[in-house]
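Student: My structure is below; once you've seen it, I'll send some questions.
The values are calculated or read from the model by the stated rules, or taken from the named source; none is laboratory data. Here the structure is a predicted model, which means the values were calculated and not measured. Counting neighbours? That spans all protein chains shown, and the Cβs are built from the backbone with ideal geometry, glycine included.
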Amino acid sequence: MHSHNHHHSHSHHHHSSAADASKRIGWAFFLNVSFTIIEFIGGWLTNSTAIMADAVHDLGDSLSIGTAWGLNKLSDKEANATFSYGYKRFSLLGALINGMVLIIGSVWILLEAIPRLFSPVMPQAEGMLLLSIFGIAVNGFAAYKLSAGNSLNERILNWHLLEDVLGWVAVLIVSIVLMFKPWPILDPILSIGFTLFILFNVGRNLKETILLFLQATPDKKLMQDVRNVLLSRAEVNALHHFHIWSLDGEHSVMSVHLELNADISVVDMKNLKQQLQKELSVFEFAHTTIELEFADEACRDQSANL
Ligand SMILES: [Zn+2]
Ligand SMILES: [Zn+2]
Ligand SMILES: [Zn+2]
């Protein structure tokens with residue numbers, strides 16, 4: 001049995017609202033890219049490693065918004081002979097590249113900022129103040145714009161933009177302090193703080209991405225729930241070759257071999273498949289493959305405990 005239940009975004013949303021979401025995200029992308037360029041130039045002009053760390057962070061934001069925007073279209077493309085599961089897994093590739101770029105950027109910032117802990121360099125506080133006001137305005141405006149949408153992507157982005165506003169508030173406070181007190185060490189301290197925050201998030205996302213690449217079981221509780229459903233049928237004695245893995249963190253694939261009772265009829269089998277289809281539908285698998293094995297039948301796959 002191989003039931004196809006592929007999900008396409010246009011089956012859940014109207015075309016117009018998906019297009020609106022795409023427009024809003026595209027808009028956030030261009031805003032972020034322009035602001036990232038301004039930050040790199042501003043960080044260089046003000047000689048502030050804190051601004052540079054923020055620029056690296058926003059470069060990462062631009063990349064993830066950009067890939068999410070581009071992959072949005074690609075991931076809905078129909079499966080073909082080369083990519084029989086479709087294009088959903090391409091988003092993993094995007095996440096992996098983003099992670100690598102952010103790690104390289106973070107190492108660069110740490111190499112700049114750590115020596116300044118021992119021989120602090122005074123940044124231009126007035127320039128930092130101007131950039132931070134600009135940063136609060138841009139990120140605050142983007143968050144306000146995106147609050148119109150309520151797709152999952154937009155809500156995550158929105159929450160993230162509020163975090164970014166808080167980062168700029170920290171730069172604002174430090175720049176004001178630096179105007180009155182000669183404490184240049186505050187700049188590398190803030191920079192290293194930002195960078196550790198970036199690396200913490202990169203580590204978390206990379207771990208998730210790598211587990212998806214390695215086809216780890218997405219959720220042990222889900223595994224147990226599906227097992228319970230399958231074994232709850234009187235026609236099923238046992239199961240093996242039971243696998244659940246996720247294409248992209250949202251769409252999962254399930255396959256299993258069911259060992260049936262000795263005296264099962266064709267009518268029983270049809271009934272069993274119908275019942276399973278109904279009971280498994282709540283899990284919304286993108287692909288399910290269920291092999292029915294008779295009592296006197298040897299498993300085709302050699303190692304039955306896998
Ligand atoms: Zn950000
Ligand atoms: Zn399929
Ligand atoms: Zn088997």
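Student: Taking into account only those residues within region 195-244 that are of a type in the set (Phe, Trp, Tyr) and within 16 Å of ligand 1 (Cβ to nearest atom), which is nearest to Leu92 (Cα to Cα)?
Tutor: Phe200
Student: Can you pull out every residue in region 70-98 that is touching a Ser or Thr at 6+ places or on another chain (Cβ under 7 Å) and in a helix (DSSP H, G or I)?
Tutor: Result: Leu71, Asn72, Phe90, Ser91, Leu92, Gly94, Ala95, Leu96, Asn98.
Student: For Ser255, only one of the following conditions fails: (1) within 24 Å of Gly86 (Cβ to Cβ); (2) away from ligand 3 (no atom under 11 Å from the Cβ); (3) of a type outside the set (Lys, Arg). What is its number?
Tutor: (2)
Student: Which is outside the structural domain of Val107 (by TED's automatic domain parsing) and buried (at least 19 other Cβ atoms within 10 Å of the Cβ), of Val266, Val226, Val253, Val202?
Tutor: Exactly one of Val266, Val226, Val253, Val202 is outside the structural domain of Val107 (by TED's automatic domain parsing) and buried (at least 19 other Cβ atoms within 10 Å of the Cβ), namely Val226.
Student: Quick one: which residue in Ile114, Ile104, Ile51, Ile65 is away from ligand 3 (no atom under 16 Å from the Cβ), without any contact (Cβ under 8 Å) to a residue 24 or more places away in the chain and not acidic (Asp, Glu)? Spell out how you get there, then give the answer.
Tutor: On the way: Ile114 fails: without any contact (Cβ under 8 Å) to a residue 24 or more places away in the chain; Ile51 fails: without any contact (Cβ under 8 Å) to a residue 24 or more places away in the chain; Ile65 fails: without any contact (Cβ under 8 Å) to a residue 24 or more places away in the chain.
Result: Ile104 is the single residue among Ile114, Ile104, Ile51, Ile65 that is away from ligand 3 (no atom under 16 Å from the Cβ), without any contact (Cβ under 8 Å) to a residue 24 or more places away in the chain and not acidic (Asp, Glu).
Student: Would you call Glu235 exposed (fewer than 15 other Cβ atoms within 10 Å of the Cβ), among the charged types (D, E, K, R) and over 30 Å from Ala53 (Cβ atoms)?
Tutor: no
Student: Restricting attention to region 269-286, does a residue exist that is modelled with pLDDT of 90 or more, in a loop (DSSP other than H, G, I, E, B) and on the phi < 0 side of the Ramachandran plot?
Tutor: Narrowing region 269-286 to residues modelled with pLDDT of 90 or more: 269-286.
Then keep just the ones that are in a loop (DSSP other than H, G, I, E, B); that gives 284-286.
Then keep just the ones that are on the phi < 0 side of the Ramachandran plot; that gives 285-286.
The answer is yes, given that some residue of region 269-286 is modelled with pLDDT of 90 or more, in a loop (DSSP other than H, G, I, E, B) and on the phi < 0 side of the Ramachandran plot.
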